[in-house]
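Heads up: the structure comes next, in structure tokens.
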Amino acid sequence: MKIITEHLWLRPINDSDKDKLKKWRNSYKEYFFSDDGKEISDEKHNRWFKRYTSLPPGTDQMFIAIKVGTTEEIGTIALYDINIDERMAVLGRVLILQQYQGHNYAQEMVNAIRDLAFNTMRLHRLIVEADLMNTKAQHIYFTSGFKTIGQRFIPATKYLFRIVIILEMLNPDHDLRKPLRIESYDEDSDKHGYESQCDNIK
Ligand SMILES: CC(C)(COP(=O)(O)OP(=O)(O)OC[C@H]1O[C@@H](n2cnc3c(N)ncnc32)[C@H](O)[C@@H]1OP(=O)(O)O)[C@@H](O)C(=O)NCCC(=O)NCCS
């Protein structure tokens, strides 16, 4: 499955991306809080990747963004913690490599994943988190339609905390009578994927 936007296409990550993802994540580690800004070790990354690939289909989908018409890989985004009962998920792992920043690519990716979650999968609620100081990321999420609903604190040192802003968006067209659409996003899903269900997904 591919998600096509105006300038990008998003493809699901696969085994060949494993080393690159660790490198990217470590290069931008201060922007992500799950690892508390620390370098991710091989062991930890391998554990994460193994878990990612063994999760039930449709519960965590991470994508690599590629510039349309090129082979240039410019960043990542994910929809994870997809909860079928609650019809909610978390949008995150948003990264645009420095040399590609400032071209609205992050906004395109976030809007595309929002549309995948709401229009295609028919989820009801999306959550995203950003560091209080990361006003650039927050600006993108606000533009996509997210609203701040709270904050949480992550210990940074013995005395200092990072403040993480929690943002939420509810599906304006949510209709409980319409069934949820959850499918595996691996290459095989092309055979019975979303082509006929959503215009921007090929
Ligand atoms: C955050 C990030 C994804 C943005 O990527 P990008 O492609 O440069 O962003 P875009 O070009 O799509 O959008 C930038 C928007 O932020 C605005 N912006 C730029 N700097 C800003 C700042 N300091 N504060 C507020 N808004 C800012 C721009 O004006 C633009 O908005 P506009 O289109 O309304 O003018 C990228 O900088 C990145 O990968 N950073 C490191 C990882 C990270 O922070 N991830 C998010 C974790 S929550």
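Every number in this text was worked out from the coordinates using simple rules, so none of it is lab data. Remember, predicted model here, so these are calculated numbers, not experimental data. In this analysis, Cβ positions are derived from the backbone assuming ideal geometry, glycine residues included, and neighbour counts consider all displayed protein chains.
Please rank Lys136, Lys2, fewest neighbouring Cβ atoms within 10 Å first, as an exposure proxy.
Numbers: Lys136 12, Lys2 16.
In increasing order of surrounding Cβ atoms, one gets Lys136, Lys2.
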Reduced to Cα centres, the span from segment 1-20 to segment 76-126 in Å works out to 13 Å
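Which entries in the list Lys23/Lys44; Lys147/Lys178; Lys2/Lys136; Lys23/Lys147; Lys2/Lys50; Lys22/Lys44 go over 20 Å, if you measure between the two C-alpha atoms of each? Let's see the in-between values first.
On the way: Lys23/Lys44 13 Å; Lys147/Lys178 25 Å; Lys2/Lys136 27 Å; Lys23/Lys147 31 Å; Lys2/Lys50 23 Å; Lys22/Lys44 10 Å.
Beyond 20 Å between Cα atoms: Lys147/Lys178; Lys2/Lys136; Lys23/Lys147; Lys2/Lys50.
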Could you rank the peptides 140-147, 115-122 by their average count of other C-beta atoms within 10 Å per residue, with the highest value first? 115-122, 140-147
Ellipticity estimate at 222 nm from DSSP helix runs (n ≥ 4, -39,500 (n - 2.57)) divided over the chain, nearest 500: -6500 deg cm²/dmol
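So for the chain: antiparallel DSSP bridges make up what percent, rounded to the nearest 5? Don't jump to the answer; show the numbers that get you there.
Details: 35 of 38 bridges.
Here the share of antiparallel DSSP bridges comes out near 90 percent.
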The chain - Debye-derived log10 I(q)/I(0), Cα point model, q = 0.08, 0.15 Å⁻¹: -0.26, -0.99
